[in-house]
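Contents: one structure, followed by commentary.
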Amino acid sequence: MNSTGIPEKSPLTGTSQQDEFSAELLRTVRSGESIWLFTHSTEREIMKMRRSFAAVVVSSTIAVIGSAGAGAAFASPAPAHSADPSAHSADPSAHSADPSAHSADPSTPTATDLSQLLEKATAPVKAEYPKADLMLAEGEAPGGPTSKMADVTDWRFVFNTNADQPRAKKSVEISGNLDGAVGRMKGNATPWAGVMPISTQKLMSPSDAYNVLKTDQAYQYVSLVKPLNADPHLQYHFSKTRGGCDGFAVNTDDGSVNPIC
């Protein structure tokens, strides 16, 4: 090595130490460039991979968040179906039973018995003639003679009005049916005679009176009447003709049975 610090020639190769040094330096430089290039190339690839990984992570995060949001949207109740006490509270006025809406209409037929039908027929008579008395209740089985008193469905009621006005009707009659239908009053200029007023308190039914007969004889007409005689009794008359004597009378008070005439 000389004073400049550069090596002399090598005795083996004939190449000066300076040339060998220069070649070695060049190799080192080139090797360093390769390392630098490799290092920087690797770093670029790593950066690309990092960016790609970051993008994947971000995309995955967004997807997860989106899925979670969608899940929350399905999991949480929609406002339209939320329980609103005011929306579903029972409105008493909307569902309350209105007596006037469900009350029975007097003109609407309903199943009834003789006592109920008589009460219904008496109401309009008493409204016009407060002193009126029932004088006759006459029933008929439209299908002909029967031993079942439920078949005696058509009834006619006769009242004496006992009105004080000179021109007032002296008697009225009104018809009805055990289905509950009641007709219009028909006035008469003369009172119903030959019988006494009928008290409807604790009235015996036609079926009970028929059972007193202890027979299966069929009748078409059944009348409730209190004949005017020396020993009057309220009676049911069972006959095959209207107002006829071809049958029997049953006293409602003591259960006695006698021929009508």
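The values are calculated or read from the model by the stated rules, or taken from the named source; none is laboratory data. The shown structure was predicted, so the numbers you read here are calculated from the model rather than taken from an experiment. Virtual Cβ from ideal backbone geometry, glycine too; neighbours counted across all protein chains shown. We work out accessible area using only protein heavy atoms, side chains counted, and drop any ligands, DNA or RNA first. Shrake-Rupley method; radii C 1.70, N 1.55, O 1.52, S 1.80 Å.
Among residues of segment 166-181 that are among the small types (G, A, S), those with a beta-carbon under 6 Å from a residue that is assigned to a strand (DSSP E or B) at least six positions away or on a different chain give the pairs S171/N160; S171/N188; S175/R156; G176/W155; G176/V182. For residues in segment 141-196 being of a type in the set (S, T, Y) and part of a loop (DSSP other than H, G, I, E, B), which is farthest from the chain's Cα centre (by Cα)? Restricting to residues being of a type in the set (S, T, Y) and part of a loop (DSSP other than H, G, I, E, B), the top hit is T190.
Taken over segment 144-165, the residue count meeting the criterion of being open to solvent by 20 Å² or more (accessible area, probe 1.4 Å), in contact (Cβ under 8 Å) with a residue 40 or more places away in the chain and in contact with a Ser or Thr (Cβ under 9 Å, 6 or more places away or on another chain) is 2. A Cβ distance below 8 Å, combined with a sequence gap of six or more or placement on separate chains, defines the contacts here; from segment 195-218, residues that are open to solvent by 50 Å² or more (accessible area, probe 1.4 Å) reach residues that are assigned to a helix (DSSP H, G or I) and aliphatic (A, V, I, L, M) in the pairs T200/L118; S207/M149; S207/A150. Going by what's in this entry, would F238 be described as crowded, with 21+ Cβ neighbours inside 10 Å and farther than 22 Å from E119 by Cβ? Considered against the rule, which asks whether it is crowded, with 21+ Cβ neighbours inside 10 Å and farther than 22 Å from E119 by Cβ, F238 comes out as yes. For segment 175-229, a residue qualifies if it is closer than 19 Å to L134 by Cα and β-branched (V, I, T), and the qualifying residues are V182, T190, V195, I198, T200, V222, V225.
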